[in-house]
Every structure is written in structure tokens, then in C-alpha cells.
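For reference, the structure is listed below as C-alpha cells.
The values are calculated or read from the model by the stated rules, or taken from the named source; none is laboratory data. Source: prediction; values computed, not measured. Cβ atoms come from the backbone with ideal geometry, glycine included; neighbour counts cover every protein chain shown.
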Amino acid sequence: MAQSHASDAAHHDDHHDQPATGIKRWLFATNHKDIGTMYLVFSLIMFFIGGAMAMLIRAELFQPGLQLMQPEFFNQLTTNHALVMIFGAVMPAFVGLANWMVPLQVGAPDMALPRMNNFSFWILPFAFTLLLGTFFVPGGAAAGGWTLYPPLSLQTGDSFPMLIFAIHMMGISSIMGAINVIVTIMNMRAPGMTLLKMPLFAWSWLITAYLLIAVMPVLAGSVTMLLTDHFFKTSFFNAAGGGDPIMFEHIFWFFGHPEVYIMILPAFGIISEILPTFSRKPLFGATSMIYAIASIAFLSFIVWGHHMFADGMPVAAQLFYMMSTMLIAVPTGVKVFNWTATMWRGSLSFEPPMLFAIAFLFLFSIGGFSGLMLAIVPADFQYNQTYFVVAHFHYVLVPGAIFGIMAGVYYWLPKWTGHMYSMALAKTHFWLSAIFINVLFFPQHFLGLAGMPRRIPDYAVQFTDWNMVSSIGGFAFGLSQVLFAIVIVQCIRGGKKASAKVWEGTNPTGLEWTLPSPAPYHSFSTAPEIH
Amino acid sequence: MSVIRGDHDDSTSRPRAIAWARALCLATLGWAAQAEANTSDGYNLPVGVTSLSRDIYTLHMEVFWICVAIAVAVFGVMIYALVKFRHSQGAIPDTTLVHSTKVEIIWTIIPVAILVVMAIPAAKVILMMEDTRNSELSIRVTGYQWKWEYQYMDAGEGIDFFSTLSRDSNYARQLHSGIDPNTVPNYLLDVDKPMVIPSGTKVRLLLTSQDVIHAWWVPDFGAKRSAVPGFVNELWFKVDPGKEGIYRGQCTSLCGRDHGFMPVVVDVRTPDDFKKWVDEQKAASKQAAAQGEQPPPTALVLSK
């Protein structure tokens, strides 16, 4: 198929060599680079909206007592902060990176299904307009937590059907994005690029895409059952009608745990691209890295029960989920060791993408350690639903997923824009982020162990000190992200010309570095030959 | 510095700066394990006052130290690589170092062994936690938005009351109340009527809910379990004799608007004092029934 596309390309080139002008370029976009850009910009906007919610949360938690908002509004903020960050910021950012980089890395002229690509992006602004619109309807936005546990979620007011419909749209968008990635990788690799020769980022996305297709329909099913319980008097989860609220948790986390890995596997791929470049040395154990990602993806389907230990579970199930969860540490460990071995006897330089990748290594590992502690069932009974859990999942999601995304953006931005960005500003952004992320989240381990439950708008006075530290870290981290936006805008507007290799003095591998910077609007119209 | 069990000394009286410095110091130096107090010291789990809470604390510290050891080893190698193999210092990359089946097998097998070492003691504690047989006192705990109901069985048969956030905390926690929470004793961790249990007795709780999912938690007992409508979850604890006192916790499962305002308070008394309390409660309810002040719940239902 790659061959036939290559020969077709000659005919197409003459009439849309240049992008359309004005709004049409974006509304009717079918070019993977344009759609990738839209995904990334959308994700950045959502990152700031979700971040603003987080700042309000941290402001209310700065000291005990309620100063700024009613508890209902606080609960709306925590619920929607999670939904916006997961479905609006992290996932679209990875899809945007996949749109830009997968065709460039596998030597394809575009994504396999460009019109579906357009559709899967343009659903998102509508989905999030609907979701954020729930703040303005009677009863306010959903306040039952992003996990939507019934019966609490069924108490949501007028925003309930809007929430469910928004989630359905996000799910459809994700599934279409995933299909596109799989079809592109399976059918449009350049001749000679066998699967095992494929770059790690493309590999991590291939596996992620299968996870998405497997679990997004499960989420859609579970929220549809909520919808019918709410409006059509079914009793899937209503105990009084013979239903089972715990069943929802099982279905939700069967989606939810793979979802967690959907948000981290592409970051693994990005880190596996960046570390070799700036270590000037190939990735250590590339094949075992692929197997490790695949094992993590498989294990993600059999560990969901660890979210529910305290909700009542037979002993055998507790033992099973404890062991299966602990097993995840093995392939994850292999990845961390391989990354370390990649740096070993290398020649390391510390450009912004490398700085973020190194911070990822350390801080994601800390999130991994607390994850291992959480797997120990008896201890989990103490940690469950406390700030220890909040600290854990923010360590894997912020310095994990989000630092991974930022590393990727700083790595490929010159390839996209054709300009180098301000290294000084990007490094400042890195240091501020890396320091304040720890001020923000590390004290939350102490809060949780000392007994502070999560999702509370007010707390007993002994938790004041660490909450103040955490809030100060939160404001500083949030403000530091403005630098990220400044670096990107400056880089789009101009700057020193970037060469094809961008990172002079290193030897980045991958087809994307054979193209000039910026990458031409149509690339690999003739498939490259891989030897 | 007592955290959940706030009755014996007042953590807020200690100058904040000292508490910060101490916690930061202990945290960075990894001395957390030395803080062997019954209650949490503000940055670690409480050792607690039951055999389960002690077992959990031990497991928690074991796994914590294993993680610290792994972190020291792995981060040590990373930091060494970051310092030693710098391009700016003229490091020459060894591009042949790309694969080694031997080390890859080693660093797969060693973690598996470590995990087995962690899993065996954890499994033992799980089996003990789930063994609710031979309990001496059972209490049915029902969650409501936003209070707890305690219905006693066995020796306390007939005792049935609600436990709600104390009035002082409730005034202070209103938006713009103008009351400084630091002036309210046990802010958000105090109730009008605590659950009373005897020490040295295996107490079994039967948890359920009337509306949404709640969770009952007292950190010092190592006891947390969800209260789910339509289900009865069990948990047990046995407070060590000599550890009588007030123990505090909170609902830990998001249950709506006032989730943050439904504390759990347990008053642990000696078996003799507990018996006295039971007799008082029974006498009081008999008197109330005689005066017709408190019609039994069934009469309410029938009269509708």
C-alpha cells in the first residue's frame, strides 16, 4: 500500500501542494500535520483550563475553613479537573504527537484515513464545550468524581446527560484516532521498515491504540447504563431495584486501568527516542523495550481490582489483584533499567528535551514506588482514598505523562516550525517545573499517611502546614507553565533556523530527521527506502 | 504530635516552624521509621492501637525501606551516569553497548524475587484481616448523607443512634463563618455522639449504606471499609487493653456535598465502663419510650 500511495502522490502534488488559506485550512483539514497541530493547541488550551481548576482547588485548600467556595463547587472542580486533564489535555496531546510523528517516523505520506482524522479532532471542541457548559446549567457541573460512581453520580442535576454525551463523544474521537494510528502503522510503513525496525514512539502508540479500541467501548457501555438508570428506570447499579453499585466499579476500572496506561505508554515511547539522541548512543535493549510495553499493556487488563480493595472483595480476589499488580513492576523495572543503561557510557548533553526526560526517569520512578506500596493490600486499606493516592497518581501523570509530552514537544518543535526555540527560556521552564512539581505533590504523601482523605474541601487543622506548602508549589508550578506557552509561540513566530537534524552534534535516528525543518507540508510522497 | 487522636496533646500549640523543620528533616533523612507513636506524627502512618494496625505499619515500613533501597541503587547509578558521562567533559559514547541478554535476565529475575518477599507477609495479613469469626461485639454501621448510624447487637442489643458532625465544627466550617478553625477543638473530627466500644474485645462492624457509597475509617485501628448500598461489608478490630481513649477518622469515599464533614469518632472504654455505658443507654431509651418521646421506628413506618 505504501508503494501505491507513493506513485499516486505525483498526481496529487500539483493541486494541493500548499495549504488552503484561512479558516478552511483548519475546518476541512486532512493533512496530518495540520490536524496534529490542532490537537496539540487544543490540548494546551485544555491544560490551562484544567490547571485553572487545580489552582482554585489548591487556593481553597490553602488553609482550613471554607474561604472561597461552597463544597458543591469544590466537588465540581475536582471532578472536572480530572475529566479535562485526562480527556482534554493528556490524551489529545498524545494523539496530536501521533498525528505529527507517526507518518514521519514510518515514512508514510499522511495518516491512512485523513477525513476520519478531521472528524475525530473536530468532535473534541464540541465535546468539551458541552462538558464545560455544565458549569452553567441548574445544579452545576458533575460533582461525583471523575470515576462517576453510582449512586452518587446519579444525583447529578441537569448536567448529567450533557456529561454522558460529552464522554461518548470523547470516546468516539479516541477510537477513531486509534483506528487511524493502527491502519497507518500496519499498512503504510515505508518498504523495508519491518515492525521491529520501527521507532519506539510509533511502537508505543501502536500498543496504546489497541488498548484504546479495547476499553473505550467499555466506558461507553458503563456510562450508557448510568444514563438509562437515571432516565429510563433501569436498575443496573441501583441496589433497591436489584442492581449492583460495585458492578459499575468493576466495569469502570476495566476501562480505567488500561486508560492509565494509555496515558503513559506513548510517554515511554517519547523518552525512548530522546534518551538515545542526547546520550549519543542507541537505545539499550530496544527489543526488550517493545516486549516490556506489550507486557504492561497485557497486565493492565487484569489488575483493575486494585482500585477496589476497600469496597469489599473475596480474599482470593484480593490476593490475585495484589500479585498481578505487583507484577507490573517487573516490565516497568526493565524499562527504567534499559533507559539507565542507555545513558551508561554515553556522552550526555542536557538540552531541554533531555532535561525533561531525565526528570521523567526520576519522578516517574517515585510514582512507581508509591504504586508498589499501594499494591500491598493491607497497607492499601490505610492509603486508599487518601492524599497518598493523590500524590501517587499525580507523580505518574504529571512528571510522567505531562513531562513526557513536554519532552516530546521540545524535541520535535524545531522540526515542526523550522525554528530553534529559546533554550534559556525552555530550561527555565524546566527547572521551575521540576522543582515546584515536587513542592506541590511530595507533601501530599505525608498528608495522606497522616490521615487526610482526598476530595475534601476543608480539613482538620493538623493538615494545614503541608497543605500550604502544596498550594504554594501548585501556584508556582501553574504559573511556570505560562513560560511553556511563551516558548512555543515565540518558536512559531521565528527564531534561529533549525537544520534537518535539529540537534547538531547528536545523531538522532529516525526518518523524521531526513526531512528538512520545517517538515514540508507533504512529506514522503515517494516512500523512502529502509535498509 | 497527635493527628487523628487529638485529645491528649494539641498539635496546633507547637510552633509551626519547628514542626515544619522537624518533618522536613525527618523526611529528607528518611528517619520516618523511628517515629514510633500510636498516632500519626503528621507525615507517616500511625502505628495504631490494634494488632492489625501494627501489622499494616510493619508491612508499610518494610515495603517503604525496600523501595528506598531500590531507589538509592537505581538513582545512584543514574546520577553517576549523569555526572560521569557528560558530553561537555569529553565523554566518548560506547555505541556497542546496546544489548546484553545476561543483564536483562538478571534485572528481570531480581525484581520478581523482591516482589515474592513482599507478597508473602502481605498475604498473611490479608488472611488475618478477613477472619471475622469469633467476634464478641457486632455493630451495624450505616452511612447516610452525611452522618453515621450505629446499631449495636450482642451485648448492646437495642442501642441505636446517629453520629453527626459536632455543632462547633459545623458553625465554623460554613463559608465566611468568620470563625478560625484553629480555635475549634478537634475541628471537623468531632461528633455529637461517638461510637462506644470496649477495649480488648474483638469488635465486628457490618457496614452498609442507605444512599450512596461511604467509607468508614479510623487510621489508628487500621480499619477502613466502604459502606455500599445493598451490600454488607465486614471488618474487625480489637483495641489493645490500656489504650482506651478517643480515636478519630473520617468518611473517605466521596459521598456528595458534605463528604468532608462526616467524621468517625470512636470512644474506647474498658469492658467495665462499656458495660456501664450500655446499661445507661438502655435505661435512657426505656425511659424515653415510656414517656412516648421516641416512638420505635416501626411505628413511624406504619403510621404513614
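Some observations on this one:
Every residue, every condition in (1) surrounded by fewer than 23 Cβ atoms within 10 Å (Cβ to Cβ); (2) in a helix (DSSP H, G or I), yes or no:
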residue	(1), (2)
A:Ser173	no, yes
A:Ala178	no, yes
A:Ala190	yes, no
A:Leu196	yes, yes
A:Ile213	yes, yes
A:His230	yes, yes
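- Qualifying residue in the range A:435-442 (condition: surrounded by fewer than 23 Cβ atoms within 10 Å (Cβ to Cβ), out of contact with any His (no Cβ under 6 Å at 6 or more places or on another chain) and closer than 18 Å to B:His60 by Cα): yes
- Among the residues of the range B:150-204, those identified as free of Cβ contacts under 8 Å to residues at least 12 places away in the same chain, assigned to a loop (DSSP other than H, G, I, E, B) and closer than 30 Å to A:Leu66 by Cα are B:Gln174, B:Leu175, B:His176, B:Ser177, B:Gly178, B:Ile179, B:Asp180.
- Any hit, the range A:137-148, residues being buried (at least 18 other Cβ atoms within 10 Å of the Cβ) and without any contact (Cβ under 8 Å) to a residue 12 or more places away in the chain: no
- Among residues of the range B:209-228 that are more than 7 Å from chain A (Cβ to nearest Cβ) and under 16 Å from A:Ala379 (Cβ atoms), those with a Cβ under 8 angstrom from a residue that is of a type in the set (Lys, Arg) and part of a loop (DSSP other than H, G, I, E, B), sequence gap 6+ or separate chain, pair up as B:Asp220/B:Arg5.
- Some residue of the range A:83-90 being of a type outside the set (A, V, I, L, M), modelled with pLDDT of 95 or more and not in a loop (DSSP other than H, G, I, E, B): yes
- Among the residues of the range B:214-239, those that are part of a strand (DSSP E or B) and of a type in the set (Val, Ile, Thr) comprise B:Val218, B:Val239.
- Restricting attention to the range B:247-296, the residues that are under 21 Å from B:Leu207 (Cβ atoms) and in contact with an Asp or Glu (Cβ under 7 Å, 6 or more places away or on another chain) total 5.
- Condition check for A:Phe369: at pLDDT 95 or above and either outside any helix (DSSP H, G or I) or closer than 18 Å to A:Val390 by Cβ (or both): yes
- Screening B:Thr132 on (1) more than 8 Å from chain A (Cβ to nearest Cβ); (2) part of a helix (DSSP H, G or I); (3) not aliphatic (A, V, I, L, M) shows it passes everything except condition (2).
- For the range A:452-470, taking the residues that are under 18 Å from B:Pro181 (Cα atoms) and in a loop (DSSP other than H, G, I, E, B), the one that is nearest to the other protein chains (Cβ to nearest Cβ) is identified as A:Ile456.
- Lone unmet requirement of (1) under 30 Å from A:Met323 (Cβ atoms); (2) more than 9 Å from chain B (Cβ to nearest Cβ); (3) buried (at least 23 other Cβ atoms within 10 Å of the Cβ) for A:His394: (3)
- Residue in the range A:372-389 that is touching an Asp or Glu at 6+ places or on another chain (Cβ under 8 Å) and in contact (Cβ under 8 Å) with a residue 24 or more places away in the chain present: yes
- The helices (runs of 4 or more DSSP H) falling completely within the range A:250-353 that include 1 or more residues that are within 14 Å of chain B (Cβ to nearest Cβ) and of a type in the set (Lys, Arg) map to A:329-343.
- Here is the figure for the range A:461-492: residues that are surrounded by fewer than 16 Cβ atoms within 10 Å (Cβ to Cβ) and at pLDDT below 95 total 0.
- Within the span defined as the range B:170-188, every residue fails to be β-branched (Val, Ile, Thr) and either in contact with a Leu (Cβ under 8 Å, 6 or more places away or on another chain) or away from chain A (no Cβ under 13 Å) (or both).
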